[in-house]
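**Student:** Supplied in structure tokens, the structure appears directly below.
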Amino acid sequence: MTAVLVGSDKAIGLTFWSLVLATLAGLELAAHRPGRPGRPPSFGQLVSRYLAHPAWRALAVVLWLYAGWHLFSH
Amino acid sequence: MHPAGASPPAARHSLVARVALAATATAVLAGVGTAIAATRTFTWPAEVLTGGVEIAVALAAALGAVAHRRRHDPTRRTALDGRSLVVWSAVVALVVAWELSALFGGVRHLHPTLSSLVDTAFRVDAAKAAGAALWLALGSWLALR
């Protein structure tokens, strides 16, 4: 992890990641709206569904290991 | 006999145990977070500390996986509508495409990755300590759930 951001580069990234966060928050809100039969699953439902499977669980742990190494060691 | 309104000893002990567990977990998270924040990337203390935490959590996850396998019941999985997953999948695909284009396309200066932004935030020690504590909490949750 070496890049240090300045000026407009940072603005581009912040805009993209803000949009991603806003979309995720919108999905979560839509999942919790009552009385909508076709609503998307919430993040909690996705986690319950997929982390119950050993392969997805192992993938999540591998991603966690990589994140720690990448963020705090390199 | 216990006086009216008083908790039975077993309930009190259970509450004390929970409070002690929460306090211990908070102290460990804060301690590890602070220690990681005190190290600098690309140094051996950072490698040893992060690696030690990762080995401990990976071992706990492996032991948890063995226990999970014993009690795993595929019929209890939550049923989800496949079509409703499209939007979640699209967001994940967009993020992966962004990260890969920055990694392999050489345009990281134009399209900063999530870790580049986090790196900027982690220049503040308190933010790095909070990030490390959050990371450890997530790993512990994954290992123990």
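The values are calculated or read from the model by the stated rules, or taken from the named source; none is laboratory data. Note that the structure is predicted; figures quoted are calculated from it, not measured. Heads up, the Cβs are rebuilt from the backbone with ideal geometry, glycines too, and the neighbour counts pull from every protein chain shown.
**Student:** Condition check: of a type in the set (A, V, I, L, M, F, W, C), at pLDDT 65 or above and surrounded by fewer than 16 Cβ atoms within 10 Å (Cβ to Cβ). Does B:Leu117 satisfy that?
**Tutor:** Against the criterion (of a type in the set (A, V, I, L, M, F, W, C), at pLDDT 65 or above and surrounded by fewer than 16 Cβ atoms within 10 Å (Cβ to Cβ)), B:Leu117 does not qualify.
**Student:** Also, quick follow-up: Quick one: which of B:Ala37, B:Ala60 is within 13 Å of another protein chain (Cβ to nearest Cβ), of a type outside the set (Phe, Trp, Tyr) and out of contact with any Leu (no Cβ under 9 Å at 6 or more places or on another chain)?
**Tutor:** Criteria check complete, one pass: B:Ala37.
**Student:** B:Glu99: at pLDDT below 90, part of a helix (DSSP H, G or I) and among the acidic types (Asp, Glu), yes or no?
**Tutor:** The answer is yes for B:Glu99.
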